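**Student:** Have a look at this one.
The values are calculated or read from the model by the stated rules, or taken from the named source; none is laboratory data. Quantities reported herein were computed from a predicted structural model and do not represent experimental measurements. All Cβ positions, glycine included, derive from the backbone under ideal geometry; neighbour counts span all protein chains shown.
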Amino acid sequence: MENGLMEGKKAQDWLNLVLAVALFVSPWVIGFAPETMPAWNAWIVGIVLGALAIAALAAFAEWEEWANLVLGIWLIVSPWLLQFATNINAMWTHVVLGVLVAAVSAWALWDYRQNPHAHV
């Protein structure tokens, strides 16, 4: 049972790593790389999210999931705070990936709270 819980936790970390890569390449794939603010936001948050996912894969720490949750919320609100919400492609990319990152992080935190001994 504990092994299955750890595998589930690792699955959440792998999901965050995949989302980090998707966010990082999104300026080129979606076509907003020439626009400085949304592109750099995607690249920087993608790198931080990826680093946190790799760290969580190496050794679980609850703070990493809280940091991911904050990054997910930042992605959701950043189009308005950084004033690139008028770029529909960049805005929706950030919002959708932000919701996914926040959801995966909330799931990981919920899982940790329900099964704290499985992550020791």
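**Student:** Of all residues in region 62-92 being over 18 Å from residue 105 (Cβ atoms) and touching a Phe, Trp or Tyr at 6+ places or on another chain (Cβ under 7 Å), which is surrounded by the fewest Cβ atoms within 10 Å (Cβ to Cβ)?
**Tutor:** Applying the first criterion (over 18 Å from residue 105 (Cβ atoms)) to region 62-92 yields 79-92.
Keeping just the survivors that are touching a Phe, Trp or Tyr at 6+ places or on another chain (Cβ under 7 Å) gives 87, 89-91.
Working: 87: 18, 89: 15, 90: 26, 91: 17.
Only one residue tops the list, namely 89.
**Student:** A further question follows. For residue 67, state whether it is modelled with pLDDT of 95 or more and either outside any loop (DSSP other than H, G, I, E, B) or over 27 Å from residue 115 (Cα atoms) (or both). Please lay out each step first, then the result.
**Tutor:** Numbers: modelled with pLDDT of 95 or more: no; either outside any loop (DSSP other than H, G, I, E, B) or over 27 Å from residue 115 (Cα atoms) (or both): yes.
Taking the combined requirement at face value, the residue does not satisfy it.
**Student:** So residue 116 fits all but one of (1) surrounded by 22 or more Cβ atoms within 10 Å (Cβ to Cβ); (2) modelled with pLDDT under 95; what number is the exception?
**Tutor:** (1)
**Student:** Kindly evaluate residue 100 against the criterion of being at pLDDT 90 or above, under 16 Å from the mean Cα position of the chain (by Cα) and surrounded by 14 or more Cβ atoms within 10 Å (Cβ to Cβ).
**Tutor:** The answer is yes for residue 100.
**Student:** Could you check region 1-30 and list, in sequence order, the residues that are modelled with pLDDT of 95 or more, farther than 22 Å from residue 66 by Cα and surrounded by fewer than 22 Cβ atoms within 10 Å (Cβ to Cβ)?
**Tutor:** Listed by number, the residues that qualify are 25, 28, 29, 30.
**Student:** Look through 59, 108 and report the one residue that is among the aliphatic types (A, V, I, L, M), at pLDDT below 95 and surrounded by fewer than 17 Cβ atoms within 10 Å (Cβ to Cβ).
**Tutor:** Selected residue: 59, the only one of 59, 108 that is among the aliphatic types (A, V, I, L, M), at pLDDT below 95 and surrounded by fewer than 17 Cβ atoms within 10 Å (Cβ to Cβ).
**Student:** Let me ask something else. I'd like to check something: does region 31-42 contain any residue that is in a helix (DSSP H, G or I), on the phi > 0 side of the Ramachandran plot and touching a residue at least 40 places away in the same chain (Cβ under 8 Å)?
**Tutor:** Checked region 31-42: at least one residue is in a helix (DSSP H, G or I), on the phi > 0 side of the Ramachandran plot and touching a residue at least 40 places away in the same chain (Cβ under 8 Å).
**Student:** Separate question: On the basis of being assigned to a helix (DSSP H, G or I), under 14 Å from the mean Cα position of the chain (by Cα) and at pLDDT below 95, does residue 74 make the cut?
**Tutor:** In short, no.
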